[in-house]
1. Kindly put B:56, A:13 in sequence by how many other C-beta atoms sit within 10 Å of each C-beta, fewest to most.
2. Between residue B:225 and residue B:179, what FRET efficiency follows from the Cβ-Cβ distance if R0 is 35 Å, with the result rounded to 0.05?
3. How big is the convex hull of the Cα atoms of segment B:11-65, per residue, in Å³?
4. Once fully extended, how much extra length lies between residue A:135 and residue A:28, figured as 0.36 nm per residue of separation less the alpha-carbon to alpha-carbon distance?
5. Rank the residues B:185, B:161, B:134 as a footprinting-exposure proxy: fewest other Cβ atoms within 10 Å of their Cβ go first.
6. Going by how many other Cβ atoms sit within 10 Å of their own, how do B:163, A:96 line up, fewest first?
């Protein structure tokens, strides 16, 4: 299974590459008034306006860095009653993918799955990487947003 | 951008693999090349941490607002080779390997034009057939004098697998794998008939080469019909 690695705060997270549509650079966002802080704004993605969720802001209350490696991950997500929606997730250091021997997702625990991958290749092989579960981490109301309120 | 510390010690140019001087980095003994060195990787990461300039954001905003440019997706790949004077293509998925030509051990008591004999490939015996004889290309003459000189010394053996049955056949020249879209394939001229028409789906024009795209299933049926 191919995983995309990124950083939120000082920790690394991994997302299953199968649900990713595209990883794109930071673009200009249209701010939306009266939305939670973690909604960074709307982006024009291939002609459709989709909300961009700042994962750093959501999980650590610190906005993502303004840097080349801060990128937007476009994912497809299944939502009950409204089918598949596109979400744009902004995270730091979206620079690496890693191939694991895992075939399926490990069972997830409570709110944040305690699934930790004992590191990948490289000098910090002892690093623990946490499984990123879109459904568990993104607030439910954010899914409903693209369908139009 | 100005406030960011962008001073980079380009040690790879100074003492690394790209240095012209005689003084070399001691780490080179371990990492062999700067691209394996953590210092090099770390500098790359630091550059990625710098803020992008406004033009970069603007450009990408524009690119992403547009429809995605897509390449034709229904690409087909064929393995292209020459036998005699004809360039032919077989679906790339069925080609298992290409090996140098080895001796062909003929089988006694078998009178078949297409069946050449057995070849030893990695210690296993494979059936060796002649694609040219099935398609009627550059017929070999018994005395050998009228042979196409290029055909007399096939350089390689191609091992193809059809329904789990590997078959080897000699080819004069290989061109490798070629990708194409359905629009690039030309119909066969109506004047072509007989065996060639039966085994060819169309003609792929590639530069000045006309490649006959072979129907793999009927061809392999014909190649192996004498093996029962």
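1. Ascending Cβ contact count within 10 Å gives the list B:56, A:13.
2. The calculated FRET efficiency here is 0.65.
3. 108 Å³
4. 35.9 nm
5. B:161, B:185, B:134
6. Least crowded to most crowded, the residues run B:163, A:96.
No value in this document is a laboratory result; all are computed from the given coordinates. All values reported here derive from a predicted model rather than from experimental measurement. Here Cβ is always computed from backbone atoms with ideal geometry, including for glycine, and neighbour counts include all displayed protein chains.
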